[in-house]
Amino acid sequence: MWNRLARPTDALRYFHPGWFASVMGTGILAVATSHSARFVPFLERVALALWALNTLLCVALLFPWIARWLFYFPEARDDLSHPTRGPFYSTLPIGLLVLGVDFSAIARPYIGAEVAIPIAKGLWIAGTVLAFFFGILIPFRWFTSQSVGVEQTNGGWFMPPVANIVVPASAAPLIAAWGSETLSLFVSLVSFAFFGIGFFLFVIVTVLLIARLIYHPLPHPHLVPTLWIGLGPIGVGSLALVRLSTAATPVLGGQSETARVLLTLASLSLWGFGVWWLASAIVLTLHCLRQPFPFAMSWWAFTFPLGAFTVATYLLADAYRSVALQIFGLALWMLLVFFWTLVTVRTAAGTYTGALLGPPAPAAPVR
């Protein structure tokens, strides 16, 4: 075990900021599996098992994440300025927010609302604060370091936008549970504000990334999975709009029915862009399979974005009572299960051998 490390403490020194992508991927699989239980009721138990696994995974990863800042502060700080590793600090707040959804949507019937809802609220507050914090800090480090080149643009840059859009998506199930109209109104306002932050950051990064893909060689294959992350803001944004259309009545007020229709249509339009992005990501991935395709933590990008898009598909299927969308959602869930299983097995193997725990290896771009 860990036979590729020079010393055991290297596992902490080089702990990748993106490890919480596994919490994101497992958490969204739990939610998507719960929605898929409409086809196979047994899947509800599978979703519960995934929630339990995700809770343990999140707690286990918090220890090395915090310890690295305590004992290897220079390395942790320097990663903030790294064009590839830096954006993945946003996986922590996203992981917390998604785990909160697991508690509110999956665990509540089993552990009780009096336990699940306060935990979900605490995770939402922590995730919201950290999403905003890293959404400011990471670009600031780049603005002041002036060390990031255009060719270093990659799909990982979508992580801060995703974090901000997950805030309203995860808040929607909790809006009515804050105990007062004032707090519910405040959370609703915060949700729409964070949607604006995340959406416009997503648009900016999309322009930067597409320009980089056109004018520069494609990134190294180990970064190609990050192109799937662009599906994350689309999927999360789409499901956030659907959920807010019915949950944010304190903001929508007397115009709630008109707003519900408009928000659902906006969700469908954003979802349509996701179909294009998913197809493009698949084509680019297949294109890059002609080159050696080494496993890396970036492979977790195959899971959360696809999972968010899957859940959005199910929600739109319910909103429009579309059997076709339900079937498409089930097909997406099956693809998600395949990716999650593949990446989980490879991650477990890489952790056991130490291949995922050592220093990152630089890689040149290839076409």
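GNM on the chain, C-alpha springs below 10 Å: top fluctuator among PHE134, PHE194, PHE293?
Looking only at PHE134, PHE194, PHE293, the biggest GNM fluctuation is shown by PHE293.
Looking only at ILE234, ILE165, ILE125, which one moves most when the chain is put into a Gaussian network model with springs between Cα atoms under 10 Å?
Of ILE234, ILE165, ILE125, the most mobile in the Gaussian network model is ILE125.
Suppose R0 equals 56 Å; then what is the FRET efficiency for GLN291 and THR258 from their Cβ-Cβ distance, rounded to the nearest 0.05?
0.65
Direction-averaged shadow area of the convex hull around the Cα atoms of the stretch 185-310, nm²?
If I average the Cα hull's projected area over directions, I get 8.3 nm².
Can you show me the helix-derived [θ] at 222 nm for the chain, built from DSSP H runs with n ≥ 4 at -39,500 (n - 2.57) apiece and divided by the number of residues, rounded to the nearest 500.
-23500 deg cm²/dmol
Charges at C-beta only: +1 for Lys and Arg, -1 for Asp and Glu. How large is the resulting dipole of the chain about its Cα centre, in Debye rounded to 20?
520
Each reported figure results from applying straightforward, stated rules to the coordinates on display, with no laboratory input. As the structure is a prediction and not an experimental result, all values here were calculated from the model. Every residue, glycine as well, gets a Cβ built from its backbone with ideal geometry; the counts of neighbours run over all protein chains shown.
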